Every structure is written in structure tokens, then in C-alpha cells.
1. Has the stretch B:31-49 got at least one residue that is more than 9 Å from every other protein chain (Cβ to nearest Cβ), over 21 Å from A:Q32 (Cβ atoms) and surrounded by 15 or more Cβ atoms within 10 Å (Cβ to Cβ)?
2. Please enumerate the residues belonging to the stretch A:39-70 that are under 19 Å from A:L84 (Cα atoms), in a loop (DSSP other than H, G, I, E, B) and either touching a Leu at 6+ places or on another chain (Cβ under 9 Å) or within 8 Å of chain B (Cβ to nearest Cβ) (or both).
3. Restricting the search to the stretch A:11-26, which residues are within 16 Å of A:V53 (Cβ to Cβ) and in a helix (DSSP H, G or I)?
4. Which one of these does A:K8 not meet: (1) within 12 Å of chain B (Cβ to nearest Cβ); (2) outside any helix (DSSP H, G or I); (3) touching a residue at least 12 places away in the same chain (Cβ under 8 Å)?
5. Kindly provide the set of residues from the stretch A:28-43 that are buried (at least 17 other Cβ atoms within 10 Å of the Cβ) and within 12 Å of the chain's Cα centre (by Cα), ordered by number.
6. Which of (1) farther than 21 Å from B:M37 by Cα; (2) touching a Phe, Trp or Tyr at 6+ places or on another chain (Cβ under 8 Å); (3) surrounded by 14 or more Cβ atoms within 10 Å (Cβ to Cβ) is the odd one out, the single condition A:R71 does not satisfy?
7. With the condition kept exactly as written, say whether any residue in the stretch B:112-123 is within 30 Å of B:W174 (Cα to Cα) and in a helix (DSSP H, G or I).
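The values are calculated or read from the model by the stated rules, or taken from the named source; none is laboratory data. Being a predicted model, the structure only gives us computed values, none of them experimental. Note that we place each Cβ from the backbone using ideal geometry, even for glycine, and neighbour counts take in every protein chain shown.
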Amino acid sequence: MDVSVQFKKGVLELCVLVLIQRKDQYGYELAQSISKHIEVAEGALYPLLRRLVNDNYCTTYLQESTEGPPRKYYRITPHGKTYLTNIVFEWKDFVTNVSNLIEEGNEYE
Amino acid sequence: MNKKQYLSILQTHLTSISEVERKELLTDYESHFTYGMHNGKTEEQIAHELGDPFELVREIVGDRFTIQDPYVNTKKTVSIPRNIFIYIGLFFINIVIAPLMIGLWSGWIGLCAGTLGALLSPLLLIPEYIINHTFSMAKLFASIAGIGIGLWLLIAVMFTYKGLLNMSKSYLKWNMNVSRKGISK
């Protein structure tokens with residue numbers, strides 16, 4: 001359980017960037033989209049988003065909504081897109097390598 | 001836990017980050033609650049989904065810590081009297097420690113010389129033969145024993161070199177750290 005939490009924290013950044021690359025999303029929407037796929041403490045999303053904005057991987061803009069307060073939308077920047085391409089590549093590579101390692105272990109059993 | 005409790009935990013514990021940031025994050029969480037409730041969730045449900053607020057605080061403050069570190073440091077060095085005392089203190093510590101270090105290194109150099117001498121002792125038989133035209137078997141064996149001792153000393157030299165180098169390096173680093181940002185907690 002604890003290990004899985006650490007895994008999720010690590011890939012949260014990747015998931016968030018993938019989602020906002022598809023379309024601009026606001027915080028709550030993003031939390032829902034992520035929770036659809038992985039169970040994660042949604043609170044961690046906001047500090048992460050702040051960091052992404054600070055690192056210039058995405059920008060924010062406000063949009064009035066009919067229900068509730070104005071929504072803060074997140075939009076990926078070109079810099080963020082480049083970064084995302086890199087980390088997706090690295091992630092795939094990493095997963096393949098780890099799977100290979102596990103498979104290799106099974107052969108000896 | 002309801003919305004108010006959740007937000008007040010964040011509010012009271014997020015003191016080490018800047019006012020602007022705290023407000024911004026709190027607005028984020030507040031609107032998260034609002035949107036969740038619009039979607040028919042209870043405050044408790046949303047709080048549960050957001051996760052342990054204390055864990056969250058730890059994460060946020062932890063993040064800030066690494067980012068704001070340089071800022072905190074520059075702020076520390078502003079205090080001039082404090083710096084003066086740190087330099088005076090360092091000066092006295094160095095007056096004691098630096099000669100000690102030099103002494104240790106000199107000892108090490110001595111050890112090196114001894115090792116070199118022991119290892120090269122058979123070569124001394126050559127000049128003796130040239131000058132005195134004598135050759136003693138006992139001296140040859142003694143010098144071979146010298147090589148053995150030299151090899152053992154070589155190991156000691158390497159070990160002490162590493163130890164001394166590490167010690168000197170960390171001492172220098174400590175000095176620089178102290179003079180740059182004051183004595184760390």
C-alpha cells in the first residue's frame with residue numbers, strides 16, 4: 001500500500017501533464033480525471049500544479065462559471081510539451097526495463 | 001472532517017510559505033470543495049478524497065523548503081554582528097585545528113618517506129659496493145625485509161591518505177558552510 005502511494009506520487013506529474021495536454025482543465029476537473037484512472041490523494045494535485053506553473057510547464061487563466069467561483073484553468077506551454085514528450089519517453093523506457101528485469105528473474109525460478 | 005476543519009488545518013500549519021502562496025492554495029482547496037459539493041458530494045467525502053491534510057502540509061512545506069533555501073540563507077547573512085562573531089570564532093578554531101591538520105599531514109609525508117626508503121633500500125647496496133667494494137649477504141636480506149616492511153607501510157600510507165583527505169575536505173566544507181550561512185542547526 002505504502003509503496004503504491006510512492007509510485008503514484010512519482011507519476012502524478014506525468015499524468016497531469018498528459019491530461020492538460022489533451023485539453024485545458026481546471027483543478028477539480030483534473031482531480032476527477034485522474035481519480036478515474038488511479039486512486040490518489042487529490043490534495044497533492046494543487047501544490048504540484050503550482051510547481052508546474054512555477055517551472056513554466058503550464059500557465060493558468062481564470063474563466064467565470066455559472067456554478068460556483070471562477071475556474072482556474074491550466075494550459076500546457078510549449079516548454080511543458082517538450083518536457084512531457086521527454087518524460088513519457090523516459091517512463092516507457094523505465095517500465096520496459098523494470099518489466100524485463102522482473103521477467104528475467106522469473107526465468108531463474 | 002468537514003470543509004472548515006480541513007481548511008483551518010491548512011491555514012494554521014502552512015505558516016512557513018509566503019502569504020500569497022498560502023492564500024492561493026487555500027483558494028484552490030476551497031473551490032475544490034465548492035465544485036465537489038456542486039457535484040453532489042458531502043464535505044466529508046471531499047476531505048477524504050483530498051487526503052490527510054497534515055500529510056499535505058508536510059508535502060507543501062517540504063517543497064517550499066528546497067525552493068526557498070537560498071532565500072533563507074541570504075537573509076541570514078544580513079546580520080553583520082552575527083557574522084563578525086562567526087568569523088572570530090572560526091579564526092580561533094582554525095588557529096587550533098589548522099596546525100593540527102598540518103601536523104597530521106606532515107606525519108603522513110614522513111610515513112611516505114619511510115615507505116619510500118624501505119622500498120628502495122636494496123638500491124643502497126649498489127653505492128655501498130661502488131664506494132666500499134664490500135658486499136654483505138646479511139645486508140641484502142635485511143634490505144629485502146625492508147621491501148616487505150615498505151609494502152606494508154604502503155597500505156598504511158594509502159589508508160591514512162584517504163582518511164586525512166576526507167577529514168580535511170569535510171573540515172574545509174564545514175568552514176565554508178559556517179562562514180556562508182552561520183552555524184547550522
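1. no
2. Scanning the stretch A:39-70 gives a single hit, A:Y57.
3. Matches in the stretch A:11-26: A:L12, A:E13, A:V16, A:L17, A:L19, A:I20, A:Q21.
4. Single failed check for A:K8: (2).
5. Listed by number, the residues that qualify are A:L30, A:A31, A:S33, A:I34, A:V40, A:E42.
6. Of (1) farther than 21 Å from B:M37 by Cα; (2) touching a Phe, Trp or Tyr at 6+ places or on another chain (Cβ under 8 Å); (3) surrounded by 14 or more Cβ atoms within 10 Å (Cβ to Cβ), only one is false for A:R71: (1).
7. So far as the stretch B:112-123 goes, yes, one or more of its residues are within 30 Å of B:W174 (Cα to Cα) and in a helix (DSSP H, G or I).
Each row is one residue, and each column tells you yes or no for (1) in a loop (DSSP other than H, G, I, E, B); (2) surrounded by 12 or more Cβ atoms within 10 Å (Cβ to Cβ); (3) assigned by TED's automatic domain parsing to the domain that holds B:I88.
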{"residue": "B:I131", "(1), (2), (3)": "no, no, yes"}
{"residue": "B:F135", "(1), (2), (3)": "yes, no, yes"}
{"residue": "B:I149", "(1), (2), (3)": "no, yes, yes"}
{"residue": "B:L154", "(1), (2), (3)": "no, yes, yes"}
{"residue": "B:M158", "(1), (2), (3)": "no, no, yes"}
{"residue": "B:Y161", "(1), (2), (3)": "no, yes, yes"}
{"residue": "B:S170", "(1), (2), (3)": "no, no, yes"}
{"residue": "B:W174", "(1), (2), (3)": "no, yes, yes"}
{"residue": "B:N177", "(1), (2), (3)": "no, yes, yes"}
